[in-house]
1. Of the conditions (1) in a strand (DSSP E or B); (2) at pLDDT below 90, I301 fails just one. Which one is it?
2. Take the residues in the range 222-246 that are under 9 Å from the mean Cα position of the chain (by Cα) and of a type outside the set (A, V, I, L, M); name whichever of them is nearest to G13 (Cα to Cα).
3. Which number in (1) surrounded by fewer than 19 Cβ atoms within 10 Å (Cβ to Cβ); (2) in contact with a helix residue (DSSP H, G or I) (Cβ under 8 Å, 6 or more places away or on another chain); (3) more than 30 Å from P14 (Cα to Cα) marks the one condition that G202 misses?
4. Considering only the range 49-71, state which residues are modelled with pLDDT of 90 or more and polar (S, T, N, Q).
5. Could you list all residues from the range 73-90 that are within 24 Å of E266 (Cα to Cα) and touching a Gly at 6+ places or on another chain (Cβ under 9 Å)?
6. Considering only the range 171-183, I want to know if a residue exists there that is at pLDDT 90 or above, in contact with a Ser or Thr (Cβ under 8 Å, 6 or more places away or on another chain) and aromatic (F, W, Y).
7. Within the range 104-122, which residues are in a loop (DSSP other than H, G, I, E, B), touching a Pro at 6+ places or on another chain (Cβ under 9 Å) and surrounded by fewer than 21 Cβ atoms within 10 Å (Cβ to Cβ)?
8. Of everything in the range 291-311, what is under 18 Å from the mean Cα position of the chain (by Cα), under 17 Å from V170 (Cα atoms) and not aliphatic (A, V, I, L, M)? Give them in sequence order.
Amino acid sequence: MMKEYRTIHEVSGPLMVVDHVEGVTYDELAEIQLHSGEVRRCKVLEVNGDRAVVQLFDSSAGINLRDATIRFLGHPLQLGVSADMLGRVFNGMGEPIDGGPALLAEEYRDINGLPMNPAARDYPNEFIQTGISTIDGLNTLVRGQKLPIFSCSGLPHANLAAQIARQARVLDDSSNFAVVFAAIGITFEESEFFVREFQRTGAIERTVLFTNLANDPAVERIATPRMALTAAEYLAFEKDMHVLVIITDITNYAEALREVSAAKKEVPGRRGYPGYLYTDLATMYERAGRKLGCKGSITMIPILTMPEDDKTHPIPDLLHHRGADHSEPRPVPQEHPAAGGRAALPVPSEGQGRGRRQDPGGSRAHHEPAVRRLRQR
């Protein structure tokens, strides 16, 4: 029987402290019922003895500590998956927002997932055509890779992301191909642009679109890319599809992570970002790749706007090291040294197709934004 607690001790912004809890686990989903009957969702951020700290997905306004009750559901945040997800538009919590019917889920999956076992990975192989010559010619995208794109403020990375989603295809016509598009922390105008663009070109029929708006809670922003990857894993490894996952913008994700970390009063790292930022990014990127014995694959293109156009900022610095392990791009297909799936090629230096080598001092090379060289067709 599910317990209900009336022991809410404190509310501070989006965080809430609950005392005298039993059997509660990290990342567990919970529901708060107000005196009016309204139900709000939250998740567990920290457990210390019989005290739990939860973060609300909605506003904490109107919560009366004396009358509100909370019940823990016993499972983390989940996404209902089905082949009918193709052609649909969801919010950052996996709820349909396109006016269509509710999704009839074939199963519910934990959005946190697991990284692929390195021993079970297959080599990235076979070309994905994006229709953009800078990528197809200099930084060839191969099934199972992670290929980050670094942008700067004011550059048309949103147009680029939409163009890749619209034009990308596999050359083998017999293979099923799908795009999972996750837009994180965008404005309403940008969200409408993506939806209209996909509908205008017909790309929506093979696309699963997740949109998280800038005014949505930070905890939802953290969940959005994991929702997208959960949908991609289902389509790739259950439906044998080749899935291209496009995530924009990783900077907004990292800012949300910093906001949650600050609310939890954790010790900050560089520029206030949590020290586990690199590890957190890895939990997403290592879910992409190819599995031995599986026909499908997950290929990822994370797009990043460098804060203040600074390539030494913690976010692009960690993304560069996470997504690109080699300082020289090269033609990929069969013999690319990426059995572990960490095969995304570095973005080329401006005006060149070759990245700069590691300097004698041992610092890693950084690369100028590839989007400078890209032009919308």
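1. (2)
2. The first filter runs over the range 222-246 and keeps only residues under 9 Å from the mean Cα position of the chain (by Cα), leaving 222-229, 245-246.
This time we only want the ones that are of a type outside the set (A, V, I, L, M), so: 224-226.
Details: T224: 21, P225: 24, R226: 24 Å.
Within the range 222-246, the match that is nearest to G13 (Cα to Cα) is T224.
3. (2)
4. Scanning the range 49-71 gives a single hit, T69.
5. Going residue by residue through the range 73-90, those that are within 24 Å of E266 (Cα to Cα) are 76-77.
Once the filter is applied, which keeps residues that are within 24 Å of E266 (Cα to Cα) and touching a Gly at 6+ places or on another chain (Cβ under 9 Å), the range 73-90 yields only L77.
6. Quick first cut of the range 171-183, residues at pLDDT 90 or above only: 177-183.
After this cut, where a residue has to be in contact with a Ser or Thr (Cβ under 8 Å, 6 or more places away or on another chain) as well, the list is 178-183.
Those left that are additionally aromatic (F, W, Y): 181.
Within the range 171-183, one or more residues are at pLDDT 90 or above, in contact with a Ser or Thr (Cβ under 8 Å, 6 or more places away or on another chain) and aromatic (F, W, Y).
7. Kept after step one, since they are in a loop (DSSP other than H, G, I, E, B), are these residues of the range 104-122: 104-106, 111-117.
From what's left, touching a Pro at 6+ places or on another chain (Cβ under 9 Å): 111-112.
Answer for the range 104-122, where residues must be in a loop (DSSP other than H, G, I, E, B), touching a Pro at 6+ places or on another chain (Cβ under 9 Å) and surrounded by fewer than 21 Cβ atoms within 10 Å (Cβ to Cβ): just N112.
8. The initial filter retains those residues of the range 291-311 that are under 18 Å from the mean Cα position of the chain (by Cα), namely 297-306.
Within this subset, residues satisfying the condition of being under 17 Å from V170 (Cα atoms) are 297-301.
Within the range 291-311, S297, T299 meet the criteria.
The values are calculated or read from the model by the stated rules, or taken from the named source; none is laboratory data. Keep in mind that this is a model prediction, so the values were computed, not measured. Because the Cβ atoms are built from the backbone with ideal geometry, glycine has one as well, and the counts that use them run over all protein chains shown.
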